[in-house]
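Let me begin by presenting the structure, written as C-alpha coordinates, before commenting on it.
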Amino acid sequence: MLFRQLYDQETSTYTYLIADPDTKEAILIDPVLEQVERDRKLLQELGLTLRYCLETHIHADHITGTDKLRQMTGCLGIVPEHAQASCADRHIKDGETLQLGAITIQAIATPGHTDSHMAYLVNSDRVLTGDALFIRGCGRTDFQSGDAGTLYDSVTQRLFALPDDTLVYPAHDYRGHTVSTIGEEKQWNPRFVGRTREGFIEFMGNLNLPDPKKMMEAVPANEMCGRLASLAT
(Lines give C-alpha, C1' and ligand atoms only; values in the text may rest on other atoms or scores of the structure.)
Protein backbone atom coordinates (compact mmCIF):
# COMPACT_ATOMS: atom_id res chain seq x y z
CA MET A 1 0.00 0.00 0.00
CA LEU A 2 1.19 3.47 -0.88
CA PHE A 3 0.29 5.82 1.97
CA ARG A 4 1.19 9.52 2.06
CA GLN A 5 0.31 12.16 4.65
CA LEU A 6 0.18 15.64 3.08
CA TYR A 7 -0.13 18.94 4.95
CA ASP A 8 -1.75 22.33 4.43
CA GLN A 9 0.08 24.79 6.65
CA GLU A 10 -2.55 27.55 6.63
CA THR A 11 -5.30 25.35 8.10
CA SER A 12 -3.17 22.61 9.71
CA THR A 13 -5.07 20.08 7.59
CA TYR A 14 -3.82 16.63 6.69
CA THR A 15 -4.79 15.18 3.32
CA TYR A 16 -4.15 11.47 2.84
CA LEU A 17 -3.17 9.83 -0.44
CA ILE A 18 -3.71 6.07 -0.52
CA ALA A 19 -3.04 3.90 -3.54
CA ASP A 20 -2.65 0.28 -4.58
CA PRO A 21 0.83 -0.13 -6.12
CA ASP A 22 -0.35 -2.89 -8.46
CA THR A 23 -3.52 -1.37 -9.91
CA LYS A 24 -2.24 2.23 -9.53
CA GLU A 25 -5.70 3.28 -8.30
CA ALA A 26 -5.70 6.08 -5.74
CA ILE A 27 -7.94 7.91 -3.30
CA LEU A 28 -7.50 11.30 -1.63
CA ILE A 29 -9.09 11.87 1.76
CA ASP A 30 -9.91 15.47 2.75
CA PRO A 31 -8.22 17.31 -0.16
CA VAL A 32 -7.69 21.08 0.22
CA LEU A 33 -8.50 23.47 -2.65
CA GLU A 34 -5.25 25.43 -2.39
CA GLN A 35 -3.24 22.18 -2.58
CA VAL A 36 -4.91 20.68 -5.65
CA GLU A 37 -1.95 21.36 -7.92
CA ARG A 38 0.41 19.73 -5.42
CA ASP A 39 -1.81 16.68 -5.26
CA ARG A 40 -2.29 16.48 -9.04
CA LYS A 41 1.47 16.67 -9.59
CA LEU A 42 2.13 13.92 -7.04
CA LEU A 43 -0.46 11.65 -8.64
CA GLN A 44 1.16 12.24 -12.03
CA GLU A 45 4.70 11.63 -10.74
CA LEU A 46 3.66 8.35 -9.14
CA GLY A 47 1.68 7.22 -12.18
CA LEU A 48 -1.58 6.98 -10.23
CA THR A 49 -5.20 7.22 -11.36
CA LEU A 50 -7.41 9.09 -8.89
CA ARG A 51 -10.60 7.10 -8.39
CA TYR A 52 -12.14 8.89 -5.39
CA CYS A 53 -12.03 12.03 -3.28
CA LEU A 54 -13.41 11.09 0.12
CA GLU A 55 -14.48 13.50 2.88
CA THR A 56 -14.61 12.76 6.59
CA HIS A 57 -17.22 15.55 6.98
CA ILE A 58 -18.31 18.96 5.72
CA HIS A 59 -15.34 21.09 6.78
CA ALA A 60 -15.58 24.60 8.24
CA ASP A 61 -11.90 25.57 8.16
CA HIS A 62 -10.96 24.95 4.52
CA ILE A 63 -12.58 24.54 1.12
CA THR A 64 -12.32 21.06 -0.29
CA GLY A 65 -10.45 20.39 -3.51
CA THR A 66 -12.91 17.68 -4.55
CA ASP A 67 -14.75 19.59 -7.29
CA LYS A 68 -11.56 20.82 -8.94
CA LEU A 69 -9.96 17.37 -8.77
CA ARG A 70 -13.15 15.84 -10.12
CA GLN A 71 -12.98 18.17 -13.13
CA MET A 72 -9.28 17.39 -13.65
CA THR A 73 -9.37 13.62 -13.24
CA GLY A 74 -12.95 12.36 -13.55
CA CYS A 75 -12.79 10.92 -10.03
CA LEU A 76 -15.90 10.48 -7.86
CA GLY A 77 -16.63 12.68 -4.85
CA ILE A 78 -17.84 10.76 -1.77
CA VAL A 79 -19.21 12.20 1.48
CA PRO A 80 -20.68 10.65 4.65
CA GLU A 81 -24.31 9.62 4.76
CA HIS A 82 -26.60 12.53 5.75
CA ALA A 83 -23.98 15.17 4.82
CA GLN A 84 -25.64 18.17 3.19
CA ALA A 85 -23.85 17.84 -0.14
CA SER A 86 -26.18 17.09 -3.05
CA CYS A 87 -23.22 17.51 -5.41
CA ALA A 88 -21.60 14.29 -4.20
CA ASP A 89 -21.43 11.30 -6.51
CA ARG A 90 -22.04 9.00 -3.56
CA HIS A 91 -22.92 9.08 0.14
CA ILE A 92 -21.16 6.37 2.13
CA LYS A 93 -22.90 4.64 5.04
CA ASP A 94 -21.59 3.25 8.31
CA GLY A 95 -19.95 -0.10 7.65
CA GLU A 96 -19.74 0.30 3.88
CA THR A 97 -16.39 -0.22 2.19
CA LEU A 98 -14.43 1.14 -0.74
CA GLN A 99 -12.06 -1.22 -2.53
CA LEU A 100 -8.88 -0.09 -4.28
CA GLY A 101 -7.15 -3.23 -5.51
CA ALA A 102 -6.04 -4.99 -2.32
CA ILE A 103 -6.90 -2.01 -0.12
CA THR A 104 -10.14 -1.98 1.87
CA ILE A 105 -11.43 1.26 3.37
CA GLN A 106 -14.33 0.85 5.81
CA ALA A 107 -16.52 3.73 6.98
CA ILE A 108 -17.12 4.09 10.73
CA ALA A 109 -19.86 6.55 11.73
CA THR A 110 -18.36 8.97 14.27
CA PRO A 111 -20.79 11.91 14.57
CA GLY A 112 -20.46 14.59 17.20
CA HIS A 113 -18.04 17.12 15.71
CA THR A 114 -20.73 17.46 13.06
CA ASP A 115 -23.92 15.47 12.64
CA SER A 116 -22.51 13.55 9.64
CA HIS A 117 -18.93 12.45 10.23
CA MET A 118 -17.05 9.31 9.25
CA ALA A 119 -13.74 7.82 10.25
CA TYR A 120 -12.16 5.40 7.80
CA LEU A 121 -10.43 2.15 8.77
CA VAL A 122 -7.79 1.28 6.18
CA ASN A 123 -6.75 -2.38 5.83
CA SER A 124 -7.65 -2.89 9.50
CA ASP A 125 -4.35 -1.39 10.71
CA ARG A 126 -4.85 2.38 10.55
CA VAL A 127 -7.79 4.71 11.03
CA LEU A 128 -8.30 8.16 9.56
CA THR A 129 -10.19 9.85 12.38
CA GLY A 130 -11.09 13.17 10.76
CA ASP A 131 -12.05 15.73 13.40
CA ALA A 132 -13.58 13.16 15.77
CA LEU A 133 -10.25 12.27 17.39
CA PHE A 134 -7.05 14.27 17.29
CA ILE A 135 -3.68 13.31 18.74
CA ARG A 136 -4.22 14.22 22.42
CA GLY A 137 -7.40 16.11 21.55
CA CYS A 138 -10.64 16.13 19.57
CA GLY A 139 -12.68 18.36 17.31
CA ARG A 140 -15.00 21.03 18.67
CA THR A 141 -18.75 20.46 18.94
CA ASP A 142 -20.27 23.95 19.04
CA PHE A 143 -21.52 24.39 15.46
CA GLN A 144 -22.76 22.44 12.39
CA SER A 145 -25.17 20.47 14.61
CA GLY A 146 -22.28 19.21 16.73
CA ASP A 147 -23.04 17.42 19.98
CA ALA A 148 -20.50 16.73 22.72
CA GLY A 149 -22.29 13.70 24.14
CA THR A 150 -22.53 12.15 20.70
CA LEU A 151 -18.83 12.75 20.08
CA TYR A 152 -17.93 11.15 23.42
CA ASP A 153 -19.94 8.08 22.44
CA SER A 154 -18.38 7.96 18.96
CA VAL A 155 -14.84 8.06 20.29
CA THR A 156 -15.22 5.82 23.32
CA GLN A 157 -17.57 3.25 21.77
CA ARG A 158 -16.44 3.13 18.13
CA LEU A 159 -12.82 4.32 17.88
CA PHE A 160 -11.55 3.15 21.26
CA ALA A 161 -13.04 -0.28 20.48
CA LEU A 162 -10.40 -0.77 17.78
CA PRO A 163 -7.23 -2.71 18.64
CA ASP A 164 -4.72 -0.68 20.65
CA ASP A 165 -2.04 -0.92 17.95
CA THR A 166 -4.30 0.65 15.30
CA LEU A 167 -2.52 3.71 13.92
CA VAL A 168 -4.39 7.02 14.32
CA TYR A 169 -4.16 9.61 11.55
CA PRO A 170 -6.27 12.74 12.25
CA ALA A 171 -7.51 15.42 9.85
CA HIS A 172 -5.66 18.16 11.73
CA ASP A 173 -2.80 18.72 14.09
CA TYR A 174 -1.75 22.03 15.60
CA ARG A 175 1.27 20.90 17.65
CA GLY A 176 3.49 18.98 15.25
CA HIS A 177 2.20 15.44 15.77
CA THR A 178 1.71 13.22 12.72
CA VAL A 179 0.52 9.83 13.99
CA SER A 180 -0.58 8.11 17.20
CA THR A 181 -2.25 4.83 18.14
CA ILE A 182 -5.60 3.96 19.67
CA GLY A 183 -3.76 2.62 22.74
CA GLU A 184 -1.89 5.90 23.20
CA GLU A 185 -5.03 7.98 22.94
CA LYS A 186 -6.91 5.76 25.39
CA GLN A 187 -4.07 6.32 27.86
CA TRP A 188 -3.00 9.90 27.24
CA ASN A 189 -5.74 11.92 25.50
CA PRO A 190 -6.70 14.55 28.12
CA ARG A 191 -10.15 15.12 26.59
CA PHE A 192 -11.22 11.57 27.43
CA VAL A 193 -8.93 10.02 30.06
CA GLY A 194 -10.62 10.03 33.46
CA ARG A 195 -13.55 12.06 32.15
CA THR A 196 -17.15 10.90 32.32
CA ARG A 197 -19.61 11.60 29.51
CA GLU A 198 -21.16 14.37 31.61
CA GLY A 199 -17.74 15.81 32.41
CA PHE A 200 -16.81 15.77 28.74
CA ILE A 201 -20.01 17.61 27.80
CA GLU A 202 -19.32 20.26 30.45
CA PHE A 203 -15.70 20.64 29.34
CA MET A 204 -16.57 21.00 25.65
CA GLY A 205 -19.30 23.50 26.48
CA ASN A 206 -16.79 25.81 28.14
CA LEU A 207 -14.09 25.95 25.45
CA ASN A 208 -15.30 29.30 24.04
CA LEU A 209 -13.28 28.95 20.84
CA PRO A 210 -13.37 31.58 18.06
CA ASP A 211 -15.03 30.58 14.79
CA PRO A 212 -12.71 29.19 12.10
CA LYS A 213 -11.45 32.02 9.91
CA LYS A 214 -12.87 30.53 6.71
CA MET A 215 -16.12 29.23 8.18
CA MET A 216 -18.51 31.57 6.34
CA GLU A 217 -17.05 30.69 2.94
CA ALA A 218 -15.97 27.11 3.60
CA VAL A 219 -19.23 25.54 4.77
CA PRO A 220 -21.43 26.67 1.84
CA ALA A 221 -18.63 25.90 -0.63
CA ASN A 222 -18.14 22.43 0.81
CA GLU A 223 -21.85 21.74 0.63
CA MET A 224 -21.23 22.11 -3.12
CA CYS A 225 -18.07 19.94 -3.03
CA GLY A 226 -15.88 23.04 -3.27
CA ARG A 227 -17.63 24.53 -6.32
CA LEU A 228 -16.86 28.20 -5.73
CA ALA A 229 -18.97 29.50 -8.60
CA SER A 230 -22.06 28.41 -6.70
CA LEU A 231 -21.40 31.11 -4.12
CA ALA A 232 -21.82 33.94 -6.61
CA THR A 233 -25.43 34.76 -5.71
Averaged per residue, the 1.4 Å probe accessible area of the chain, protein heavy atoms only, in Å², is roughly 44 Å²
Give me the percent of accessible area attributable to carbon and sulfur for region 1-115, probe 1.4 angstrom. 45 percent
Would you report the distance distribution of C-alpha pairs in the chain as whole percents per 10 angstrom bin, up to the bin with the largest distance? 8, 35, 38, 16, 3
Taking the dipole about the Cα centre of the chain, with the C-beta of Lys and Arg at +1 and of Asp and Glu at -1, give me whichever of Thr141, Gly101, Ile58 is farthest to the positive side. Gly101
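If you take every DSSP beta bridge whose two residues both sit in the chain, what share of them, in percent to the nearest 5, is antiparallel?
The answer is about 65 percent antiparallel.
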Separation of region 126-176 and region 34-80 by C-alpha centroid, Å? 22 Å
To the nearest 10 square angstrom, what accessible area does Met1 show with a 1.4 Å probe? 90 Å²
Kindly identify region 1-52 as rounded, prolate or oblate by the Cα gyration tensor criterion: order the square roots of the eigenvalues as a ≥ b ≥ c, call it rounded if a/c is under 1.5, otherwise compare a/b with b/c, prolate if a/b is larger, else oblate. prolate
Given a cut-off of under 8 Å on Cα pairs at least six residues apart, what relative contact order in percent is computed for region 1-131? 18 percent
Leu209: net charge of surrounding residues, Cβ under 14 Å, Lys/Arg +1, Asp/Glu -1, itself excluded? -1
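So what's region 13-113 giving for Rg/Rh, alpha carbon basis, Kirkwood Rh from the mean inverse pair distance?
Looking at region 13-113, the ratio lands at 0.94.
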Separation between the Ser12 and Asn208 pseudo-spin-labels, each 7 Å from Cα along Cα→Cβ, expressed in nm? 1.9 nm
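The values are calculated or read from the model by the stated rules, or taken from the named source; none is laboratory data. Since this is a predicted model, take the numbers as computed values, not measurements. All Cβ positions, even for glycine, are placed from backbone atoms using ideal geometry, and neighbour counts span all protein chains on display. For the accessible areas, the whole protein counts, side chains as well, though only heavy atoms, and no ligand, DNA or RNA atoms are used. Shrake-Rupley method; radii C 1.70, N 1.55, O 1.52, S 1.80 Å.
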